[in-house]
1. Answer yes if at least one residue in region 243-265 is in contact with an Asp or Glu (Cβ under 6 Å, 6 or more places away or on another chain) and within 26 Å of residue 40 (Cβ to Cβ), and no otherwise.
2. I need the full set of residues from region 38-47 which are modelled with pLDDT of 80 or more and either buried (at least 19 other Cβ atoms within 10 Å of the Cβ) or at positive phi (or both), in order please.
3. Those residues that are surrounded by fewer than 20 Cβ atoms within 10 Å (Cβ to Cβ), closer than 23 Å to residue 145 by Cβ and not β-branched (Val, Ile, Thr), I need them from region 184-208; list them, please.
4. From 162, 197, 208, 236, grab the single residue that is of a type outside the set (Asp, Glu), closer than 17 Å to residue 127 by Cβ and free of Cβ contacts under 8 Å to residues at least 60 places away in the same chain.
5. Being modelled with pLDDT under 85, over 18 Å from residue 255 (Cβ atoms), more than 21 Å from the chain's Cα centre (by Cα) and not small (Gly, Ala, Ser): is that true of residue 16 here?
6. Please name all residue pairs, on different chains or six or more residues apart, with Cβ atoms under 8 Å, provided the first residue is in region 91-107 and is touching a residue at least 12 places away in the same chain (Cβ under 8 Å) and within 19 Å of residue 69 (Cβ to Cβ) and the second residue is of a type in the set (D, E, K, R) and crowded, with 24+ Cβ neighbours inside 10 Å.
7. If I ask for residues that are hydrophobic (A, V, I, L, M, F, W, C) and over 15 Å from residue 140 (Cα atoms), which ones from region 204-241 would you list?
8. Which of the following residues is modelled with pLDDT under 95 and within 23 Å of the chain's Cα centre (by Cα): 65, 10, 27?
Amino acid sequence: MIHRRSLLAAPVAALPAAIGRPSVARAQARYPDRPVTIVVGFGPGGLTDVMARYLAEVVREKLGASVVVENRPGAGATIATQRVAQARPDGYTLTIVTSSPFTIFPHLQTVPYDVRKDFTFIGQFLVTPTPAYVLSSYPARSWQELIARARAQPDSLRWTSSGARGAAHIATEAALRKEGVQATYVPFTGIADGITSLLNGTIDMIVSSDYAPLLQDDKVRLLVEIGTERLAGMESIPTFGELGYPLPTQIFYGLGGPARLPAEIVATWEGLLREAVASEGWQELMRRYYAVPAFMGHKDFTARVLGDYERIGPVIRQLGFKI
């Protein structure tokens, strides 16, 4: 349930005041001298797409360059990820890096890329809360009450997530298994269908970052956050990390490209990301999504992505997940 028109318009309107005068990477006069493509593994209108389009405006404003956002949804964003893995390392084909295609799916199925060898992880620009939520009228008023209710009535809990076998699905399934809960996961083609099913009572719970409009209208109650720390707006609910579950997962978003990107191109984009995240327009956009601006440079972001990849693999194998 995303207000696409206002969200897509907000970044562009905010740019002149937020960005100011060009100051990044002017010395790199030869780059970019033709359009840059940012490949997005999801459809138009969602958070990933909106962030890519905001970055496109930053580049146009600061470097006077053209950026094309190319939406290639499908297969858990692995189609888009493969496209970038096979691109030339010249800085003209980049992608939005997020958890599922880089840290989850490679452990669930054979993918046509190697996360450890085929990419340059340029930088992170936000993390997003991913809570489990139920209708405000749902009998369980806390995560602990929901678990107790689900234990007492096996297979009664019906739930979904932002994507089957995505990070939210796997992390929550691991938590439910540790609690000894037998529940039914209900896949949907899109989160909008899942939200409709929650509102009409067909399912009981959703785990996703698409809760903001529902929370603002007092239609849902947040029960638990699947990450490791309490983010802004999530201070009153526990986290999977606090509860000792096997796979607490912080959903991150960043920018990446093919392996062996030149250092000067990485530095250019690091600077652009840093300034974008600090801008007023970005801050406002994050408030709309209940997301948290969180810049992380190339070195630290690389360590984060590869660290999550290595950490998550053994847990997935131990729990026997597969597509």
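The values are calculated or read from the model by the stated rules, or taken from the named source; none is laboratory data. If you're wondering where the values come from, they're calculated on a predicted model, not measured in any experiment. Cβ: placed from backbone, ideal geometry, glycine included. Neighbour counts: every protein chain shown.
1. Here is the first cut: in region 243-265, the ones in contact with an Asp or Glu (Cβ under 6 Å, 6 or more places away or on another chain) are 259.
Pick out the ones that are also within 26 Å of residue 40 (Cβ to Cβ) and you get 259.
Yes; the residues of region 243-265 include at least one that is in contact with an Asp or Glu (Cβ under 6 Å, 6 or more places away or on another chain) and within 26 Å of residue 40 (Cβ to Cβ).
2. 38, 39, 40, 41, 42
3. 185, 197, 199, 200, 201
4. Details: 197 fails: closer than 17 Å to residue 127 by Cβ; 208 fails: free of Cβ contacts under 8 Å to residues at least 60 places away in the same chain; 236 fails: closer than 17 Å to residue 127 by Cβ.
Answer to the selection: 162.
5. Working: modelled with pLDDT under 85: yes; over 18 Å from residue 255 (Cβ atoms): yes; more than 21 Å from the chain's Cα centre (by Cα): yes; not small (Gly, Ala, Ser): yes.
The answer is yes for residue 16.
6. Final answer for the pair search is none.
7. Looking only at region 204-241, we keep the residues that are hydrophobic (A, V, I, L, M, F, W, C), and these are 205-207, 212, 214-215, 220, 222-224, 226, 231-232, 234, 237, 240.
Selection gives 207, 212, 214, 215, 226, 231, 232, 234, 240.
8. Values: 65 fails: within 23 Å of the chain's Cα centre (by Cα); 27 fails: within 23 Å of the chain's Cα centre (by Cα).
Answer to the selection: 10.
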